[in-house]
Every structure is written in C-alpha cells, then in structure tokens.
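**Student:** Before anything else, here's the structure in question.
The values are calculated or read from the model by the stated rules, or taken from the named source; none is laboratory data. Note that the structure is a prediction, hence the values are computed from the model and not measured. Counting neighbours? That spans all protein chains shown, and the Cβs are built from the backbone with ideal geometry, glycine included.
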Amino acid sequence: MQFELTKEFLEEVRDLVQAKDSEKIRATLDELYPADITSVLYELDGEECKYVFNILDKSLDAQILSYIDEDTRTKFLKNFESKEIAEMMEFVDSDDAADILNEQPLRTREEVIGFIENKEKAQNILDLLRYEENTAGAIMAKEFVVTNVNWNVKHCIEEIRNQTAILEKLYTVYVVDQNEALVGHVSLKKIILATDYTKLLEIAETDVIYVETWMKSEEVADIMQKYDLDSIPVVNVQKKLVGMVTIDDVVDIIKERQEMDRQAMAGITEDIEEDDSVWMLTRARLPWLLIGMVGGLTGASFIGLFEKNLTLIPAMAFFIPLITATGGNVGVQSSSIVVQSLANRTFFEKNLGHRLIKVLMVGLINGLVLALLVFLANITLGQPIKLAFVVSIALLSVVMLASVMGTITPLVLDNFGINPAVASGPFITTTNDLLGLGVYFSVASMLYSL
C-alpha cells in the first residue's frame, strides 16, 4: 500500500522524538520504505532528523541519504561529524558516496575518506572523485561482478558468490582478459543453463555496448535509452573495465535534464527550487522577463509604424491578439516536439530535409483550417470581406512561418551549444509575435493598397 504522509502521523513522530522513545520510532518507521522515511524527515528540523538518523540502522541511513536532494543533504550533513558520515558511507554505493562527498567541503571530504574502514571502498571513492563532474567516470559504480575469459562456468559461479556479497543488485557479469580489458558480458541465464566446464568465452556476448570514462553523462543516458539497457560497462582509454553505470543513475540524469528543459521552456535560467531564497528565484526568472518586455516594447513600436493603416481601418486592431497568439502557440508546439526529438540526433542528420517538408505540410493544413474558420467567423459577424481575407491570409502565413521557425530555431541553438529548450519559451514567442505583426500588416498593405 502506498504511504501517505498525514498531519497526524507527523505529529506522532514528533511526539516520539520529543519523548526520545527510540524503540517506538524504529517500530513506526520500519514499516516504511526509505523513500517514505525521507518524506517524513523533510518535515522535521535538523536536530530531530539527526536523532532519528542516529537510532536507525546505518544501512537504512545510507539509503535515505540517496533520496534526499542535494541542497537539503548538504545542510543536513553539517549536523554530523566526519566519522559519523564515514560510517554511513560504508553502506553507500561508491558512485553515490562520491556524489555525496563532492557536495562537502574539501577538508570534510578528506576526513570522511580517512575514517572509512573499508580501504577498498575508500579507494573506489577516491578513484571516482578524480573524474570531471557529469561524465561517465563520475557517475559509474565500482561495485560489479567481473570474470576472466579463461574461466569455466563452475569457477565463474564461485566468483559470483564471492563478489556479490558487496552488491545490492546483480545486473550482469562482465568478462575481461588477462590485461583487464573488456571482452564482453554473459547473462545469468546462460551461466545457469551451461555445464560446469563450459568456457565463458563460448557463452559470452562479445559484441558489447560500452562507454568511456570521459563521455558526458547525458550521452551515456541517451545510449542506455536507445538500446534499452539496465546497465552499461565503463572503460578507460586503454579499454580496461573500470566501472558500470546503472539504470537508477540514468533515471536521475533524465529527470534532471527534463526539469532543466521545463524551466528553460518557461524562461527560467537557473536550476531552482520553490524553497530557494527570494534573490535566487528573482535572478532565475528576471532575465527572460526582461527579454519578453523588450520584445513587447519592440512590438508596440512595430505597430506604431503602421499607425496610418490602423487609422484608416480601425477594425484591424481587433485581430492583432489573434495573429500574435496563434503564431506563438504554433511556434511553441513545433519547437517542443523538436526538443523532445533531439535525443536521437541521427534522426535530424539523416532526415532534416524530409522533416522540414513535413513541417511545411502540417503548417499548411493547420493554417488552411484555421484561416477558413476565421474567414467564416468574420463573414458571420458582418466584417468586410476584404478584412476577412486579410486576417485569413495573414493567419495562414503566420502558422506556416511559425511552424518552420519553431523547428529550425532549436536546431540552430543546439548547433551553437545553447540549450534548445529555451527556444520553446519567451524567445520563440517574442520572435513569432514580431513576425506575425509584420506579416499581418504587410498583407493588409497589399490588399488595401495602403
């Protein structure tokens, strides 16, 4: 049954913490998953959280730490001594431990590593800390099962039993040669079905997909998504197997990328949370609001250039919001689809011309439908037939133009290394507003001979 945090449950936990009733607290929280305990801790203050942490098993503490967001975790761990943090790191996977320690001051980081009793774990964490952030080397785990290409199945099973003692989950079994270079991987199903003295090389899959330590984490996520992988091996420049990236890390990367894209599409320039300071929230939102304001002032000035037209035909002003809003909506729709599709970059490289033709056809059909509806509406409302033609032709042109702009702009921004998600926000909307006004008044000038 899914846990729901209620006010009554939270008050019960707080009362138990105040009473220092450790047995009842453990009994209450033992029924919950680590993620649910995390949601309870979010509602407690620092001292209450520390008390609860100290009475729970260290292995459970380690799982809870992985669920806490980075900013909250950094503040929370300030309540603990380096030795206490080291005790928790003993139960955290090396990749998660490296992430947690990267958030700490350098002195704390070195003290924690020094206090870790498992020297192999400490060395694994140190190996990961030297990799640049947001690379395959930085997010890989050092805990994985590795076998030698010359072993038989019986020897392999014995090693699996020995090596899985430190693993929470077993994804696959990797096979290396005498130089520790990656040869391939073998599934548990094949190991179970094979006879004891079958050589691993006979049942191993040697056509293995792997990534290198220097590759960007987003690229790793894209590869794992494309090939539907639960895990992927990581090799260094000598092709030696040094780690493994698992699906849970990739899910975090995808969620973070989606959140950043969502904020960029809304015109937010920084990664922020609702509980951040007023200054951070303002700083993240203000730049695009200023750009939108400049676009609005430019649009007002643009309309001023056609003041004569509006004086002669005042009814034209009624349709300005229709033209600008439709252009902005079409542009955002087109750019949003492109941003989603950019995960498969080869699609655009091979099909760009075909896609642009398709976009034009979609824009043409949508534009014709909207233009026809607007024309009939204007005639029904008694507008002059010439004005109805102006609005309809302008609307058709704006829809087609906005479709193309919404497709091309993200591709151009991506080519220059700029987050293409910004194209779906105020940038594309403001641009299409100006283009829409230009098209509208140009069509009016031609039909009315102004």
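**Student:** If you check residue 52 against the conditions, is it within 19 Å of residue 92 (Cα to Cα), buried (at least 16 other Cβ atoms within 10 Å of the Cβ) and either touching a residue at least 12 places away in the same chain (Cβ under 8 Å) or touching a Lys or Arg at 6+ places or on another chain (Cβ under 6 Å) (or both)?
**Tutor:** Values: within 19 Å of residue 92 (Cα to Cα): yes; buried (at least 16 other Cβ atoms within 10 Å of the Cβ): yes; either touching a residue at least 12 places away in the same chain (Cβ under 8 Å) or touching a Lys or Arg at 6+ places or on another chain (Cβ under 6 Å) (or both): yes.
Spelling it out, residue 52 is indeed within 19 Å of residue 92 (Cα to Cα), buried (at least 16 other Cβ atoms within 10 Å of the Cβ) and either touching a residue at least 12 places away in the same chain (Cβ under 8 Å) or touching a Lys or Arg at 6+ places or on another chain (Cβ under 6 Å) (or both).
**Student:** Would you confirm whether any residue within the range 86-103 is more than 30 Å from residue 136 (Cα to Cα) and either touching a His at 6+ places or on another chain (Cβ under 6 Å) or outside any helix (DSSP H, G or I) (or both)? Please lay out each step first, then the result.
**Tutor:** Quick first cut of the range 86-103, residues more than 30 Å from residue 136 (Cα to Cα) only: none.
No, the range 86-103 contains no residue that is more than 30 Å from residue 136 (Cα to Cα) and either touching a His at 6+ places or on another chain (Cβ under 6 Å) or outside any helix (DSSP H, G or I) (or both).
**Student:** Here's another thing I want to ask about it. Starting from residues that are at pLDDT 90 or above and of a type outside the set (Phe, Trp, Tyr), keep the ones in the range 159-177 and report whichever is surrounded by the fewest Cβ atoms within 10 Å (Cβ to Cβ).
**Tutor:** Filtering first and then ranking leaves 177.
**Student:** Is one or more of the residues making up the range 216-228 more than 14 Å from the chain's Cα centre (by Cα), at pLDDT 90 or above and in a loop (DSSP other than H, G, I, E, B)?
**Tutor:** no
**Student:** Separate question: Condition test on residue 70, is it under 30 Å from residue 243 (Cβ atoms), surrounded by 17 or more Cβ atoms within 10 Å (Cβ to Cβ), at pLDDT below 90 and not assigned by TED's automatic domain parsing to the domain that holds residue 169? Steps first, please.
**Tutor:** Numbers: under 30 Å from residue 243 (Cβ atoms): yes; surrounded by 17 or more Cβ atoms within 10 Å (Cβ to Cβ): no; at pLDDT below 90: yes; not assigned by TED's automatic domain parsing to the domain that holds residue 169: yes.
Taking the combined requirement at face value, the residue does not satisfy it.
**Student:** Right, next: So in the range 1-40, with the set limited to residues that are part of a loop (DSSP other than H, G, I, E, B) and either in contact with a Leu (Cβ under 7 Å, 6 or more places away or on another chain) or of a type in the set (Val, Ile, Thr) (or both), which one is modelled with the lowest pLDDT? If you could, list the steps in order and put the result at the bottom.
**Tutor:** First, the residues of the range 1-40 that are part of a loop (DSSP other than H, G, I, E, B): 1-6, 19-21, 30-33.
Subset that is either in contact with a Leu (Cβ under 7 Å, 6 or more places away or on another chain) or of a type in the set (Val, Ile, Thr) (or both): 3, 6.
Working: 3: 77, 6: 85.
So the residue we want is 3.
**Student:** Could you check the range 232-255 and list, in sequence order, the residues that are assigned to a strand (DSSP E or B) and either hydrophobic (A, V, I, L, M, F, W, C) or surrounded by fewer than 21 Cβ atoms within 10 Å (Cβ to Cβ) (or both)?
**Tutor:** Our first condition is that a residue be assigned to a strand (DSSP E or B); within the range 232-255, this holds for 232-235, 240-246.
Within the range 232-255, 232, 234, 235, 240, 241, 242, 244, 245 meet the criteria.
Conditions (1) of a type in the set (A, V, I, L, M); (2) surrounded by fewer than 21 Cβ atoms within 10 Å (Cβ to Cβ); (3) out of contact with any His (no Cβ under 7 Å at 6 or more places or on another chain); (4) closer than 27 Å to residue 445 by Cβ, marked per residue:
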site	(1), (2), (3), (4)
362	yes, yes, yes, no
369	yes, yes, yes, yes
373	yes, yes, yes, yes
386	no, yes, yes, yes
396	yes, no, yes, yes
403	no, no, yes, yes
414	no, yes, yes, no
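**Student:** Residues in the range 339-358: is at least one at pLDDT 85 or above and more than 29 Å from the chain's Cα centre (by Cα)? Outline the logic, then answer.
**Tutor:** Of the range 339-358, the ones at pLDDT 85 or above are none.
No.
**Student:** Going through the range 107-130 one residue at a time, which ones are among the hydrophobic types (A, V, I, L, M, F, W, C) and free of Cβ contacts under 8 Å to residues at least 24 places away in the same chain? Reasoning before the result, please.
**Tutor:** To start, the set of residues in the range 107-130 that are among the hydrophobic types (A, V, I, L, M, F, W, C) comprises 112-113, 115-116, 122, 125-126, 128-129.
The answer is 122, 126.
Here's the yes/no breakdown for (1) touching a Leu at 6+ places or on another chain (Cβ under 7 Å); (2) not assigned by TED's automatic domain parsing to the domain that holds residue 231:
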{"site": "119", "(1), (2)": "no, yes"}
{"site": "125", "(1), (2)": "yes, yes"}
{"site": "133", "(1), (2)": "no, yes"}
{"site": "158", "(1), (2)": "no, no"}
{"site": "162", "(1), (2)": "no, no"}
{"site": "165", "(1), (2)": "no, no"}
{"site": "168", "(1), (2)": "no, no"}
{"site": "172", "(1), (2)": "no, no"}
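**Student:** Continuing with this model, one more query. Which pairs do you get when a residue that is closer than 19 Å to residue 245 by Cβ, found in the range 147-175, comes within reach of a residue that is in a helix (DSSP H, G or I), reach meaning Cβ atoms under 6 angstrom, with the pair 6+ apart or on two chains?
**Tutor:** From residues that are closer than 19 Å to residue 245 by Cβ, the pairs are 170/164; 175/200.
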